[in-house]
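Each remark here refers to the structure printed beneath this line.
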Amino acid sequence: MQQRANSRISTVTTSLMIVCGLVMAGSPAWADSDDTKCTNRTLLGDYGFAIEGVISAIPGVPLPPGAALQLRGVAMTHFDGKGKLTQVDHVVVNGTPPPVEWAPGSGPYTVNPDCTGTAVINVPGNPLAPVRLHFVVVRQGREIRTVVGANAVTSIGIKVE
């Protein structure tokens with residue numbers, strides 16, 4: 001009889017501990033609200049980007065009506081955690097390789113507390129520069145998704161680990 005009572009208490013206690021653990025792990029009330037905020041420091045280190053899209057307008061360069069340029073590329077971008085980025089990119093336009101194999105660029109970036117942000121990339125000699133980006137930081141800063149403000153060009157960057 002004593003053994004049966006101990007077994008029943010043990011089963012109830014174990015079940016209660018499991019339920020409490022699951023409730024605490026899934027409850028936002030237990031999360032530190034500062035852990036969910038983003039800052040410039042959220043983007044820190046090197047990120048590899050895949051770039052693709054369509055360019056329908058280039059400031060100061062007339063394109064024929066209905067013309068669009070297909071764009072594909074990659075970039076390696078370094079974020080310093082303080083609001084400055086540097087990068088190199090290799091972007092192919094309509095199947096034509098770039099004049100410089102790895103074009104350098106740099107500029108400021110800002111990450112908002114809600115993990116959205118903006119960046120400006122200055123690329124010497126590029127008729128599209130400065131490139132103005134809007135982005136969202138996801139996966140606790142391990143990934144960034146961008147869109148170029150003036151064209152239908154997007155990129156996804158993954159932190160180099």
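Annotations
- Candidates 130, 98, filtered to the one that is at pLDDT below 95 and either of a type in the set (S, T, N, Q) or farther than 24 Å from residue 43 by Cα (or both): 98
- Qualifying residues in region 136-161 (those that are out of contact with any helix residue (DSSP H, G or I) (no Cβ under 6 Å at 6 or more places or on another chain) and crowded, with 20+ Cβ neighbours inside 10 Å) - the one farthest from residue 93 (Cα to Cα): 144
- Strands (runs of 3 or more DSSP E) contained entirely in region 100-161, each with at least 1 residues that are aliphatic (A, V, I, L, M) and without any contact (Cβ under 8 Å) to a residue 40 or more places away in the chain: 103-111, 116-121, 131-138, 143-148
- When residues in region 74-95 are screened for being more than 19 Å from residue 45 (Cα to Cα) and surrounded by fewer than 16 Cβ atoms within 10 Å (Cβ to Cβ), 4 of them pass.
- Candidates 53, 95, 48: the one that is out of contact with any Leu (no Cβ under 8 Å at 6 or more places or on another chain) and on the phi > 0 side of the Ramachandran plot is 95.
The values are calculated or read from the model by the stated rules, or taken from the named source; none is laboratory data. Bear in mind the structure is a predicted one, so any value in this text is a computation, not a measurement. We place every Cβ from the backbone using ideal geometry, glycine too, and count neighbours over all the protein chains shown.
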